[in-house]
Amino acid sequence: MLDFPRWKIALVTGICLLGLVFALPNVIPGAMRANLPGWLPQNTINLGLDLQGGSYFLLEVDAADVLAEQIEGFSDSLLSAMRDARTSKGRRVGYAGFRTSGQTVSFTLRDPTKRDLVRKVLNAAITPVGAGPLSPGTPDFTFDISEDGKVTATLTEDSIAARKSQVVGQSIEVIRRRVDELGTREPSIQGQGDSRIVVQLPGLQDPDEARAIFTQTARLTFHLVDGSASPEDIARGRIPPGSEVLPFEDEPSRKIAIRRRAMITGDQLNSASASFSENRWIVNISFNSAGGRVFADVTRKNVGRPFAIVLDGKVISAPNINEPILGGAAQISGSFTAESAARLALLLRAGALPADLVVKEERTVGPDMGAESVAAGKIAGIIGLVGVVVFMVLVYGRFGIIADFALLANIVLLMAAMSGLQATLTLPGIAGIVLTVGMAVDANVLVFERIREEIRIGRKPVQAVDAGYRNAMSTIFDANFTTLIAALLMFQFGSGPVKGFAVTLAIGILTSVFSAIMVTRMILALWLRRARPQAITV
Amino acid sequence: MRLRLVPEKTSVPFMRGRSVAVVLSVLLIIGSAAYTYVHGLNFGIDFRGGVTIEIETQQPADVEAIRSAISSLGLGDVAAQEFGNPNDVLIRVEQQAEGTQDAAIAAVVETLNALYGNSYTIRRTEAVGPVVSGELVEKGITAVLLAVGAIMIYIWFRFEWQFGLGAVVSLVHDIALTIGFFSFTGLEFNLSIVAAILTIIGYSLNDTVVVFDRIRENLRKYRKPTMLEIIDQSLNETLARTLMTSVTTLLALLALLFLGGEVIRGFTAAMIWGVVIGTYSSIFVASPVLNALNVSREAFIPDEVKSKAP
């Protein structure tokens, strides 16, 4: 156990030195860190949002919203498939009672004997989901035709899941563009599970602003106003098919009937910006060339009629088309403030979300509070460390000093591993480090108590130390392995801060075992070899 | 002169007090369960859902005024309490319907603006919806159960099943008493307390494994003494280490308790409690259980000894 060949000494010393190099950036001032030569590591420990301040948001895609949109597209595609279906004599296939409910579309054939033909038509309409080089994929819908000609077609779970994950992917893109516009440094935006998105914004000052930016869908559409509906019709909800009633944004009790079909939508925008003109805030938009042509075309055909600018189901304004708008540019004026105009411009530039997002969880920590936590943790850590160091010397004398040396090596290695792996340090993580300080000496205590016992039964110093290590080894292993199990489970099932604690604890266990059985043992071995003491007191 | 926590050689008859210890432990577990059943736990936002806002005012805050102003918003139960010092207030609003947390935060902030204008700062905001809080409860329970299960299997492999069961009984004891402690003190029970419980499990087990290792070793070494004598001897031999490690860990934890700040105080309190009961349970719960389970000593006789036997 006490046999330390040169290579082993070199290895242990090397690891400790490497630890020093990796831990160094954490203790030198930032300016000096920037001047370090490029070959030295410069990463400091990555502070969690609870320590550096910032916001965490857990968003979920509104599944009902996604499904509603998907079923609409599905029923459209079935309608057009049935419209195009022809019998061998070139006749259309008659059907009635076409309706959608949940994830199912149903209708009834006028002539049930046309079942085989319809079966063929529907089979041709199926598109596989999740097809890849190795799998044919699964159908996006299944259908059933009864004896009396009732057809029910249902979207498969796979197809709904595929659509959801597509929506999540698109939402992440949109949120990334929006957050980038905010100018937040190092945002992290990640999908989680099949319908969630985690957004982490370090150092964000205003969570209200961020929340508004994630949750506003920003679907901008231009519609013609349905002039045939009188105010009484609108109040009673009696409107022509193809039209719908929407409230005004700034005056929800005021309603207007618009054509359901949009003249043009926000995804044809080229740019958007806020400006101040004629004593109010407006948003200037310009369409891309295709959009500009469409816009010019509809405005030319509808001069003199009003149109509505609709944002997320609410009418912002409904001006008259005085003349054809040919330049592809327009202005949106409503009751904007400087902030709301700027925000709308930002959202329009970044594009609309494919579905509504709901904030499920939100945590924001102010920067002061994070800094206070770090400072408090540092003080507690140092005081705890001093307490343990002094106590070890009081109890074990020379051996205590050696164990203290290993304890310092442990802290250096822990800091180095945290910086090198870029693990995130959270507030509970600081508690984990302080706890590690207390528990790290355990392995040494086990060995030292063992050595005491060996001396008591009359062994010579070298044999006593050797036997002490040999006998304590399996205990040290078992004791630390069980704690490691707890740490791994914490990492697997914990969230946020708890994960951070688990990481710190796990790294702390590894470094403390290394420093206790390698560093202490090496120092002891070298000391015994040089001093050759006749008797030792532990 | 060295500091000695215990004399060099001790022979405390721990196991003589085992009946008292077992009765005490059972009473404590039942007491904890009953108290928790009646009084419940002061669940934090992680498990209860809702909105928590911590603010700092420039003058000592009028907690009652804040509470009544926010109560009038119609958001359900509102609690406001001093948090660490008189200028720091923690406001908690009960669980809101899914997706309406943002509106609740906005309403509370507006009320605070009306009360304090610019003379306060928001230190942190947390909002957890019903779905997420449900998931966090589920994950927390799963993590604790899996940890206990995994540890039992590990110890069963390394020792004998009796040791595994003994360790798990003492873990259940520790977990029950920790939950009872939180019910009794009314300290907030949140996600980081689940982390604390898992760490207590790790620590208590650490202690138990050290004792069990020594019992195994002594079972191999000595054939004559009874199981009770072996356990007593092992406990005495490891006593110095048990106390040493408890003291160093407590030193670090006490520093954290007094200097580490308000947010992790509950976590640290749980850990300190856990270190104390974890040490107790290794001696007075795990070992008596092991004694009662009739460990087969055959299993610990090294093979070469077995083959020499007639």
Set the bar at 18 Å for Cα to Cα. Now go through A:89/A:120; A:164/A:499; A:499/B:139; A:89/A:114 and name every pair that lies beyond it. A:164/A:499
At a Cα cut-off below 17 Å, give the aspartates and glutamates reachable from residue A:378, other chains included and same-chain residues fewer than 8 away excluded. A:50, A:368, B:262
Which aspartates and glutamates, if any, have their Cα less than 12 Å from the Cα of residue A:301, not counting same-chain residues under 8 positions apart? A:323
Which GluC sites (Glu not before Pro) in the range A:141-207 pass both tests, a DSSP loop state and at most 14 other beta-carbon atoms within 10 Å? A:147
Note: A:422-428 gets an average of partner chain Cβ contacts (10 Å, Cβ to Cβ) equal to 2
What angle, in degrees between 0 and 90 and rounded to the nearest 10, separates the Cα long axis of helix B:265-281 from the longest principal axis of the Cα atoms of chain B? 20
FRET efficiency estimate (nearest 0.05) - Cβ-Cβ, residue A:339 to residue A:260, R0 41 angstrom: 0.80
Segment residue B:121-residue B:106, length gained on full extension (0.36 nm per residue, minus Cα span): 3.9 nm
Once every DSSP H run of n ≥ 4 in chain A is given -39500 (n - 2.57) and the sum is divided by its residues, what mean residue ellipticity at 222 nm do you get, rounded to the nearest 500 deg cm²/dmol? -17000 deg cm²/dmol
Tell me which chymotrypsin sites (Phe, Trp or Tyr not before Pro) from the range B:186-257 have a DSSP coil assignment and no more than 16 other beta carbons within 10 Å of their own. B:222
Measure nothing fancy, just the Cα-based angle from helix B:161-185's long axis to the longest principal axis of chain B, in degrees from 0 to 90, nearest 10. 30
Here, residue A:253 and residue A:288, labelled 7 Å along Cα→Cβ, have an inter-label distance in nm of 4.3
If unit charges are put on Cβ atoms (+1 for Lys and Arg, -1 for Asp and Glu) and the dipole of the protein assembly as shown is taken about its Cα centre, the option from B:133, B:226, A:179 lying farthest towards the positive end turns out to be B:226
Expressed as a whole number of Å, what is the distance separating the alpha-carbon centroids of the range A:233-271 and the range A:43-70? 32
Ordered by number, the trypsin sites (Lys or Arg not before Pro) in the range A:126-223 that occupy a DSSP loop and have at most 13 other Cβ atoms within 10 Å are A:185
In order over the range A:111-127: 3J(HN,Hα) from phi, Karplus 6.51/-1.76/1.60, θ = phi - 60°, whole Hz, x for each Gly or Pro, gives 10, x, 6, 7, 3, 5, 4, 5, 4, 5, 4, 5, 4, 5, 7, 6, 10
In degrees from 0 to 90, rounded to the nearest 10, what is the angle of the helix A:6-23 Cα long axis to the longest principal axis of chain A? 50
Compute the distance from the alpha-carbon center of the range A:477-517 to that of the range B:50-65, in whole Å. 37
Taking 41 Å as R0, compute the FRET efficiency from the Cβ-Cβ separation of residue A:371 and residue A:165 and round it to 0.05. 0.55
Quote the FRET efficiency, to the nearest 0.05, computed for residue B:222 versus residue B:4 with a Förster distance R0 of 25 Å and r equal to the Cβ-Cβ distance. 0.45
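Computed from the coordinates by the stated procedures, all read-outs in this text should not be read as laboratory data. Remember, predicted model here, so these are calculated numbers, not experimental data. No Cβ is skipped: glycine too gets one built from the backbone with ideal geometry, and neighbour counts run over all protein chains shown.
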